[in-house]
Structures are given as C-alpha cells and as structure tokens.
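Undergrad: Take a look at the following structure, please.
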Amino acid sequence: MDTTPNLLVATDADVPAVVALINLAFRGRGKDQGWSIREECIEGTRITDDLLREDMAAKPHGTLLLWRRPDNSLLGCVWLEPQQDGVWYLGLLAIPPGDQNAGLGRKLLEAAENWTKERGAKEIKMTVVNVRAALIDWYKRRGYSLTSETKPFPYGDTRFGIPKRDDLFFVVLRKQLAD
Ligand SMILES: CC(C)(COP(=O)(O)OP(=O)(O)OC[C@H]1O[C@@H](n2cnc3c(N)ncnc32)[C@H](O)[C@@H]1OP(=O)(O)O)[C@@H](O)C(=O)NCCC(=O)NCCS
C-alpha cells in the first residue's frame, strides 16, 4: 500500500465512520487496545455522531482530514483548526489499533503539519491528558515540547468519557513549524 497520506476533507457522510475510528483508537480494549492508551484513565465513549457534528458546526474554520485505504475504509483522521497568529490546534489524531506501531501515525502527523503549513501555520498546539506519558514522549520525538500551560479536565461532563481517577488535566504541547 502507498503509505503517503492523501488527505481528504471529511463531510457529514463520513461522521459515523470517523466516530467509530476515534472511539476504537481512544477507548479500544482487549485486542483493540493500542499502545498509547495503556494508562486506561478514561472509560466510556470519546465522541458520538451528534457531538462531532456539533463541534464541526461550532468551529467552521476547523477541518477534519481523513486518510483512506484503497478500499475506502479509514486509516486515519486528524482535526486541524487555525487559532491566532499562525497557531493551529491539532486534535483527534487517530490510527486504527490494528494498524498502529507501523509508522502510519508519524506519517499522518507529518502530512497534517504540512497541510497547515501550506495554509500559513507557523506553530502547532495540542493538548494531551497528563498521565499519557508514552504518548507525550511520542510527540516529543516528533518535535513537540511540553509547555507550562495546562487545561482542566472536564470533570462532571461525561459526554467525552468517564474519568477513572481524579488527578487528570491536560498538558499543552507546541511545535514550531520550520519555514
Ligand atoms: C498516537 C497514534 C496516532 C500514533 O499512531 P501509530 O501509527 O501507532 O504511530 P507510529 O507507528 O508512527 O509510532 C509508534 C511509536 O510508538 C512506540 N511504541 C510502540 N509501543 C509502545 C509502548 N508500549 N510504549 C511506548 N511507546 C511505544 C514505537 O516505538 C514508535 O515510536 P517512534 O516512532 O518514535 O520510534 C495512535 O497510537 C493512536 O491513534 N492513538 C490513540 C488516539 C490518540 O491518543 N491520539 C492522540 C490524541 S492527542
């Protein structure tokens, strides 16, 4: 298979397949548990069709990009949203658990960075749950740095999952994109 991501913009019709991919990647258990979610700090679904549609409607400048296999099934997704001063937010980066640890996530992240650069991005920003040490290290190896900025975990709002511990928060990582 050609492993150069050909990123396509998701449409409303893609929402159910994207939601399935995100929930499998972020919440898969047993044989569907990817290497990056070993901490198991959150249960429940990560997203629903309604929540994703709501989010996309609320953030009209954001774009959900898809990477498809030749048979059209999803090999990855990523959300990209311009903020201010050339800073773009990156989220929902996901590779199906069965395809992880083969270099695809790295290629998708690089393709997403290039996609934002072509649209004027100077810097990428993202948030990761504080206890996900392996994932934070993975982003560091991709050139991201931990900042001192943090964001609160939405305790009490179970729409995005049910936390299993009471010490969660988000750390903010940033990467300057080369010219
Ligand atoms: C994060 C994610 C996109 C990475 O995709 P991927 O295809 O597995 O990534 P790659 O194959 O490019 O990289 C795998 C890396 O994990 C490392 N790895 C594998 N198993 C590991 C483990 N148990 N512990 C720590 N690192 C591990 C590999 O050594 C490799 O590192 P390197 O590329 O720096 O050498 C994917 O794991 C995923 O979808 N995770 C769930 C969703 C998620 O949390 N997304 C990020 C939201 S901010």
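The values are calculated or read from the model by the stated rules, or taken from the named source; none is laboratory data. All values reported here derive from a predicted model rather than from experimental measurement. Here Cβ is always computed from backbone atoms with ideal geometry, including for glycine, and neighbour counts include all displayed protein chains. For the accessible areas, the whole protein counts, side chains as well, though only heavy atoms, and no ligand, DNA or RNA atoms are used. Shrake-Rupley method; radii C 1.70, N 1.55, O 1.52, S 1.80 Å.
Undergrad: Filter the stretch 112-128 down to residues that are touching a residue at least 40 places away in the same chain (Cβ under 8 Å) and either part of a loop (DSSP other than H, G, I, E, B) or open to solvent by 20 Å² or more (accessible area, probe 1.4 Å) (or both) and give me whichever is nearest to the ligand (Cβ to nearest atom).
TA: Thr127
Undergrad: Taking the conditions exactly as written (modelled with pLDDT of 95 or more and open to solvent by 50 Å² or more (accessible area, probe 1.4 Å)), does Glu39 satisfy them or not?
TA: Considered against the rule, which asks whether it is modelled with pLDDT of 95 or more and open to solvent by 50 Å² or more (accessible area, probe 1.4 Å), Glu39 comes out as no.
Undergrad: Considering each of Leu52, Leu75 in turn, give the residue that is within 10 Å of the ligand (Cβ to nearest atom), open to solvent by less than 20 Å² (accessible area, probe 1.4 Å) and either among the aliphatic types (A, V, I, L, M) or in a loop (DSSP other than H, G, I, E, B) (or both).
TA: Leu75
Undergrad: Take the stretch 134-168 and flag every residue that is near the ligand (Cβ under 10 Å from one of its atoms) and either in a strand (DSSP E or B) or open to solvent by 60 Å² or more (accessible area, probe 1.4 Å) (or both).
TA: Asp137, Lys140, Arg141
Undergrad: Condition test on Thr48, is it farther than 21 Å from Asp157 by Cα and of a type in the set (S, T, N, Q)?
TA: Against the criterion (farther than 21 Å from Asp157 by Cα and of a type in the set (S, T, N, Q)), Thr48 does not qualify.
Undergrad: Go over the candidates Ala121, Ala94 one by one and state the one that is modelled with pLDDT of 95 or more and within 20 Å of Arg38 (Cα to Cα).
TA: Exactly one of Ala121, Ala94 is modelled with pLDDT of 95 or more and within 20 Å of Arg38 (Cα to Cα), namely Ala94.
Undergrad: Name the residue that is surrounded by the most Cβ atoms within 10 Å (Cβ to Cβ), counting only residues in the stretch 78-106 that are on the phi > 0 side of the Ramachandran plot and in contact (Cβ under 8 Å) with a residue 40 or more places away in the chain.
TA: Selected residue: Leu92.
Undergrad: Tell me the residue from Val171, Val131 that is in contact (Cβ under 8 Å) with a residue 40 or more places away in the chain and assigned to a loop (DSSP other than H, G, I, E, B), please.
TA: Val131
Undergrad: Under 9 Å between Cβ atoms, at least 6 apart or on separate chains: pull out the pairs that start in the stretch 9-24 with a residue that is at pLDDT 95 or above and end on any residue that is of a type in the set (Lys, Arg).
TA: Between residues of the stretch 9-24 that are at pLDDT 95 or above and residues that are of a type in the set (Lys, Arg), the close pairs are Asp12/Arg53; Val15/Arg53; Val19/Arg46; Ile22/Arg46; Asn23/Arg46.
Undergrad: Which residues, taken from the stretch 78-101, are near the ligand (Cβ under 8 Å from one of its atoms) and charged (D, E, K, R)?
TA: Asp99
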